[in-house]
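First the structure, in the form of structure tokens, and then the observations on it.
The values are calculated or read from the model by the stated rules, or taken from the named source; none is laboratory data. If you're wondering where the values come from, they're calculated on a predicted model, not measured in any experiment. Quick reminder, even Gly has a Cβ in these numbers, built from the backbone with ideal geometry, and neighbours come from all protein chains shown. Surface areas here come from the heavy atoms of the whole protein model, side chains and all, with no ligands, DNA or RNA. Shrake-Rupley method; radii C 1.70, N 1.55, O 1.52, S 1.80 Å.
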Amino acid sequence: MRRRLFYTTCAIAAIVAPISIQSADAATTNFTDITIYPEETQQDILNLVELGIIKGTSPTTFSPKESITRGQVVKMLGRFLVNSGITEIPSDWETKQYFTDLPVTIKDRELLKYAAVVKSTSVFNGKPDGSLYSSGKITRENMALVLDRATEAMRGKSLVEIANYEEGNVEDIYTARTETQEAVNALNVLGISNVSNFNPKGNVLRVHFASFLTRAISYMAPEMVESTVTINAKDYGFTSFSEITNLDETSLNVDFSSSKITVSGEFAPDEVNTFMDWLDIQGTDLFGNEHFVSLDFELNENAQLQVYNEKNTLTENIPAQAFLMDSFTNVSVTSVNREPLSTNYNYRTVLPIKKDTAVNEIMALSLTGMRNNEIVTEKVQYYIDFAGNIVLDQAANNHSLNYNYYLSNSGDVIFKGLPVENKTFYYLPVSTDMNWEYAAFQDDKTIEEIFAFFKTDGTKDNFDFSKSKYVLLIDEDKNVYGVLNLSEVDGFFEKYSFELKAPANVTISEMYGFGDVFLTQQSNGNILATATGEEVEGSLVLILDEAENEYYYIISKTAKGYELTPYNEDLFYE
């Protein structure tokens with residue numbers, strides 16, 4: 001998955017540290033042809049010269065009004081990437097031809113060297129025919145695209161992503177090629193370009209490129225802010241932590257113990273409105289039962305980490321069927337901090353639980369209701385955690401709110417893109433697909449008692465759709481996975497499989513299917529796709545190679561069957 005690209009503090013300091021001009025006269029010491037420009041523009045040029053990124057056309061001239069060539073841009077960005085420590089010069093730069101019109105025997109060895117740098121990092125890809133065309137002028141739209149790619153090479157995050165896909169004020173943006181429009185827009189949103197008429201087809205002057213590059217550098221290598229936040233187990237509804245299950249996917253630095261989790265990182269100020277990461281935490285709740293929480297993190301206005309908390313004080317409903325009751329007649333609520341409260345429920349089928357208690361305050365429920373025309377009473381405790389989740393004192397888990405799980409219309413439980421095969425699942429007819437997000441069956445109730453109450457044997461083959469179109473999925477341990485709403489279809493979806501040809505030149509390490517399909521790699525190298533619902537065509541497929549490079553595809557249906565079609569990854573993240 002996408003990860004933040006960390007780079008050394010010294011490299012950042014070397015790139016972004018301003019080089020002060022002692023006086024206006026000092027600014028004109030070397031280049032006599034830039035004095036007509038504002039001091040800020042002169043500063044931009046001299047900074048880049050001092051950093052070894054840009055050079056003059058002679059010892060005393062910069063030639064600011066000349067159009068910059070593609071070869072000059074290649075050299076500048078190549079020097080920048082190498083000097084910053086982001087990448088190294090490829091070892092084969094003198095033997096491998098990176099562009100079709102740049103033979104390894106070319107006299108301009110500096111161009112050959114830095115062409116290898118920018119091509120190997122995908123900063124500068126050249127013309128469609130594979131040529132560099134180094135003497136050609138670079139257009140303003142192509143410059144925008146190159147700066148966007150250079151930023152992604154530096155940070156693992158493009159200018160388009162940093163701009164958070166906001167719409168800028170570029171009146172002539174539709175005169176730019178489609179592939180460059182997002183980059184042109186990002187330059188405007190981020191203030192790298194400050195004109196409303198960008199002139200995408202125009203050539204870039206050397207003086208303008210110096211200013212563009214200087215402004216872009218603040219996003220390529222920003223001054224990072226350190227931040228640390230501590231998560232104490234008891235504050236977040238845990239007795240203890242046992243595992244963080246997504247450590248391989250998070251960009252955060254994590255120091256883990258059973259009583260607390262320390263989360264830290266370095267963040268750029270421009271990430272304040274776009275950064276989001278999470279930790280999947282397992283442990284023991286306040287009752288001693290297994291507990292799972294996905295904890296989201298964001299940045300405040302000072303680029304400091306904080307837990308993203310959408311806790312609300314709304315009421316959540318728990319169905320009477322979760323307690324093997326047809327309805328409630330009376331509910332009593334008590335706690336050590338409150339007077340007992342008894343309420344007549346008049347045969348209601350749901351129990352409303354208000355989230356107005358203190359965080360982690362243990363509440364005791366005494367529930368009286370009807371079960372097969374008999375009056376019964378059940379008792380259970382619960383508390384409301386930091387995020388407003390209802391945590392019941394029940395050993396069985398409810399996975400409904402765990403984003404790693406997905407229920408397909410075929411009745412399969414999908415976990416992280418693959419069907420769960422080490423569990424036995426049962427299918428119960430319930431009255432609605434609502435209100436089962438927090439409920440689970442009590443510890444003293446057996447699977448047989450649950451089957452008897454719902455009048456079923458729990459098998460998918462014998463599910464009676466004449467009784468209900470809502471299917472509650474549980475396993476042999478009474479864990480709840482959610483409710484399937486099959487009211488618009490006639491029964492479970494009949495699964496079928498088909499083969500997809502694996503993409504050429506991609507060594508598959510991991511695969512993920514988004515939609516009604518899961519994927520497995522076959523011994524012949526191809527992909528076996530299994531459809532578990534109607535949404536197959538158009539499903540997104542993410543493939544990772546051994547270097548964790550991401551490749552995005554769409555499942556398309558053609559006259560020859562299904563096949564993988566390349567997909568723009570930026571559209572996925574957008």
Show the residue pairs meeting these rules: Cβ distance below 6 Å; 6+ apart or different chains; first residue within the range 421-438 and surrounded by fewer than 20 Cβ atoms within 10 Å (Cβ to Cβ); second residue of a type in the set (Lys, Arg).
429/467
Quick check, is residue 534 under 30 Å from residue 319 (Cβ atoms) and open to solvent by 80 Å² or more (accessible area, probe 1.4 Å)?
yes
Apart from one, (1) over 36 Å from the mean Cα position of the chain (by Cα); (2) surrounded by 19 or more Cβ atoms within 10 Å (Cβ to Cβ); (3) in contact (Cβ under 8 Å) with a residue 40 or more places away in the chain all hold for residue 365; the odd one out is (3)
So which residues in the range 195-218 are surrounded by fewer than 20 Cβ atoms within 10 Å (Cβ to Cβ) and of a type in the set (S, T, N, Q), if there are any at all?
196, 197, 199, 203, 218
Limited to the range 260-274, what total is found for residues that are part of a loop (DSSP other than H, G, I, E, B) and surrounded by 13 or more Cβ atoms within 10 Å (Cβ to Cβ)?
3
Does the range 534-548 include one or more residues that are more than 20 Å from the chain's Cα centre (by Cα) and in a strand (DSSP E or B)?
no
The range 550-566 residues that are at positive phi, paired with ones that are surrounded by fewer than 18 Cβ atoms within 10 Å (Cβ to Cβ) (beta carbon under 8 Å, 6 or more apart)
561/498
Can you find a residue in the range 345-360 that is in contact (Cβ under 8 Å) with a residue 40 or more places away in the chain, under 19 Å from residue 227 (Cα atoms) and over 19 Å from the mean Cα position of the chain (by Cα)?
no
Return only the number of the condition from (1) within 20 Å of residue 349 (Cα to Cα); (2) touching an Asp or Glu at 6+ places or on another chain (Cβ under 8 Å) that residue 453 does not satisfy.
(2)
Of the numbered conditions (1) part of a strand (DSSP E or B); (2) of a type outside the set (A, V, I, L, M, F, W, C); (3) open to solvent by 70 Å² or more (accessible area, probe 1.4 Å), residue 332 satisfies every one except a single condition; which is it?
(3)
When the range 137-188 is checked residue by residue, the ones that are of a type in the set (Lys, Arg) and open to solvent by less than 60 Å² (accessible area, probe 1.4 Å) are 140, 155, 157
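Go through 209, 241 for me and flag whichever is among the aromatic types (Phe, Trp, Tyr) and in a strand (DSSP E or B). Before the answer, list the steps.
Details: 209 fails: in a strand (DSSP E or B).
That would be 241, the only listed residue that is among the aromatic types (Phe, Trp, Tyr) and in a strand (DSSP E or B).
Can you name the residue in the range 378-392 that is surrounded by 14 or more Cβ atoms within 10 Å (Cβ to Cβ) and of a type outside the set (A, V, I, L, M) and, of all such residues, is farthest from the chain's Cα centre (by Cα)? Even if it seems obvious, please write down each step before you answer.
Of all residues in the range 378-392, those surrounded by 14 or more Cβ atoms within 10 Å (Cβ to Cβ) come to 378, 380-392.
Imposing the further condition that a residue be of a type outside the set (A, V, I, L, M) reduces the set to 378, 381-383, 385-386, 388-389.
Working: 378: 42, 381: 36, 382: 33, 383: 31, 385: 25, 386: 23, 388: 24, 389: 23 Å.
Out of the qualifying residues, it is 378.
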Of the residues in the range 101-124, how many are part of a loop (DSSP other than H, G, I, E, B) and more than 37 Å from the chain's Cα centre (by Cα)?
8
Taking the stated definitions as given, is residue 494 open to solvent by 70 Å² or more (accessible area, probe 1.4 Å), modelled with pLDDT of 90 or more and either in the same structural domain as residue 181 (by the TED database) or in contact with a Ser or Thr (Cβ under 9 Å, 6 or more places away or on another chain) (or both)?
yes
For the range 68-79, state whether one or more residues are in the same structural domain as residue 139 (by the TED database), at pLDDT 90 or above, in a loop (DSSP other than H, G, I, E, B) and of a type outside the set (D, E, K, R).
yes
Which strands (runs of 3 or more DSSP E) sit wholly inside the range 396-512 and have at least 1 residues that are under 30 Å from residue 561 (Cβ atoms) and not polar (S, T, N, Q)?
405-407, 413-415, 480-485, 496-500
